[in-house]
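We did not get these values from a lab; they are worked out from the coordinates using the rules stated. No experiment lies behind these values; they were computed from the predicted model shown.
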Amino acid sequence: MKTQSTVTSEKKFACETCATRKKAEANPKSFMARLWRWHTGWCPGWKAYQAHLAKQSKA
């Protein structure tokens, strides 16, 4: 039995729907926002997401 798989060119990033990010954006002066900004400084997933967004805006 063969299964057919489809490959999509769109990558999905958890950062798009992250509840922590949404809370931080809703209240930028909160502790959660400061924690989020610290996290994005070293997070490889966030950096990949930002690179993806930059690539999309150029296209």
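What shape does the stretch 16-58 have by the C-alpha gyration tensor, where a ≥ b ≥ c are the square roots of the eigenvalues, rounded means a/c under 1.5, and otherwise prolate means a/b greater than b/c and oblate the rest?
Values: a/c = 2.54, a/b = 1.81, b/c = 1.41.
Prolate, since a/c reaches 1.5 and a/b exceeds b/c.
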Using a cut-off of 25 Å between alpha-carbon atoms, which lysines can reach K29, once sequence neighbours fewer than 8 places away in the same chain are excluded? K47
